[in-house]
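Asks: First, the structure itself, so that you have it in front of you.
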C-alpha cells in the first residue's frame, strides 16, 4: 500500500494499545507518555525498545526509543520537545511511535529498510514545568544563577555556539556549549547511532516550514543544498496535501532568523549527517506554540504525512 494512502486509512482508527485510555484528541502529561511507552515495550518487545541517556537537574532521564526490525539498519533520528512549550512536537513523536509500532504491518517498506530512533521529550523538566506552572516556558530547569533558571536547549549545541545575554531571558543559550544534560543527551543519541544515521529531523512548532542548514547563517551549505531541498520539497508536498496548508522550504538563518548552536547545524557539520532538517509545524492562533486540542488530531495526521515523506526519502537513499 502506498504509504500516504495508508495514513488516510489509519487516520480513522486512532485506538491505542488495549490497556491505554489515552487518545490523540488531548495533550499528554509526561506520566501519560511514560505509561504508554512502558505498555508498548511490554507488548512489542521484538520491535520497540528504550535507551536511556542523561539525567536532568530534576532527576529525570532523557530517553530515546528505537523502532527496529531485526538487525540494525540505516537510521533516522527524530528529536522532539526541545522547546517544552511546543506540545505539538512531543505529541507528533507519540503519534509516529503509535503508528509505526501498533500498525507496523502497514509500513513494511519503511521498517524493513530503516530503523527509526525517536526522542519524544528532549526536555522533560521543562515539559513538566510547562504543564504544571508556566505554559510558555521555553528552557530547561537547571539553576543558572541565584534567581534564574534554565537554558534554551535549542541554542546549546557545539557548532557555532554563542553564549547569549541575560540568564533570565527565555533564549539564554547557556554558559558554554553542551552545558546542559538535555543537549548532551541528544548529542549522545547521535553518537550512539553515528555509524548508521542517515537523517536527522528536529521537530518544532510555530511556522509551517521545512528548514535546511544553516541556522547560524542566512546561506545554505552549497555541498548538499540540492539534495536537502529535494527531500524537503517532497516533505512539503506531502504536508501541503493534508489540509491545504502551505509549508515553505528554506535556509534556517533566513526563515527563522539567525540562531547559533542549533541541533541541525551540529548534526550536519559535526556529526556529518547531510540530511539534517528542522520541521516546523503549524502555529496556534494566539501564541504560536499554543494549539487548541480541537485541532490536535488533524495536525498529528498532517505531521505524520511529513514524517512518512522523510522516511520514504531515507529508504530511497
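Just so it is clear, none of the values below were taken in a lab; they were calculated from the coordinates. Source: prediction; values computed, not measured. In this analysis, Cβ positions are derived from the backbone assuming ideal geometry, glycine residues included, and neighbour counts consider all displayed protein chains.
Asks: Sticking with the crude label model, points 7 Å out along Cα→Cβ, report the distance from residue 27 to residue 248 in nm, one decimal please.
Replies: Inter-label distance under the simple model: 2.5 nm.
Asks: Assign one of three labels to the range 164-317, namely rounded, prolate or oblate, based on the Cα gyration tensor with a ≥ b ≥ c the square roots of its eigenvalues; rounded applies when a/c is under 1.5, prolate when it is not and a/b is larger than b/c, and oblate otherwise. Display every interim value, and only then the final one.
Replies: Values: a/c = 1.58, a/b = 1.13, b/c = 1.40.
Note, shape of the range 164-317 comes out oblate.
Asks: Between residue 148 and residue 219, with labels modelled 7 Å along Cα→Cβ, what's the label distance in nm to one decimal, could you check?
Replies: If labels sit at residue 148 and residue 219, their model points lie 3.2 nm apart.
Asks: Hey, what number do you get for the chain at 222 nm if only DSSP H runs of n ≥ 4 count, each worth -39500 (n - 2.57), divided across all residues, to the nearest 500?
Replies: Numbers: 10 runs with 117 residues, N = 317.
Result for the chain: -11500 deg cm²/dmol, rounded to the nearest 500.
Asks: I've got another one for you. Do you know the relative contact order of the range 124-166, to the nearest whole percent, from alpha carbon pairs under 8 angstrom that are 6+ apart? Don't skip to the answer; put the middle values down first.
Replies: Values: 34 pairs, mean separation 10.2, N = 43.
It rounds to 24 percent for the range 124-166.
Asks: What share of the DSSP beta bridges in the range 136-289 is antiparallel, in percent to the nearest 5?
Replies: Working: 4 of 14 bridges.
Counting DSSP beta bridges with both partners in the range 136-289, the antiparallel share is about 30 percent.
Asks: Still on this structure: Using a Förster distance of 30 Å, how high is the FRET efficiency between residue 194 and residue 57, based on the Cβ-Cβ distance and rounded to 0.05? Before the final figure, lay out the partial values.
Replies: Numbers: r = 27 Å, r/R0 = 0.89.
So, using R0 = 30 Å, E works out to roughly 0.65.
Asks: Considering Cα pairs under 8 angstrom that are at least six residues apart, work out the relative contact order of the chain and quote it in whole percent.
Replies: Values: 670 pairs, mean separation 62.4, N = 317.
Normalised by residue count, the contact order of the chain is 20 percent.
Asks: Take the Cβ-Cβ distance between residue 240 and residue 112 as r, set R0 to 30 Å, and report the resulting FRET efficiency rounded to the nearest 0.05. Walk me through the intermediate numbers first.
Replies: Values: r = 28 Å, r/R0 = 0.93.
Approximately 0.60, to the nearest 0.05.
Asks: Which percent, nearest 5, of DSSP beta bridges in the chain are antiparallel?
Replies: Numbers: 13 of 34 bridges.
If we restrict to bridges inside the chain, about 40 percent are antiparallel.
Asks: So I have (1) 1.15; (2) 0.92; (3) 0.97, and one of them is Cα Rg over 2.2 N^0.38 Å calculated from this model. Which one is it?
Replies: (2)
Asks: What nm value, rounded to one decimal, do you get for the distance between residue 35 and residue 283 when each label is placed 7 Å out toward the C-beta?
Replies: So the two model labels end up 3.5 nm from each other.
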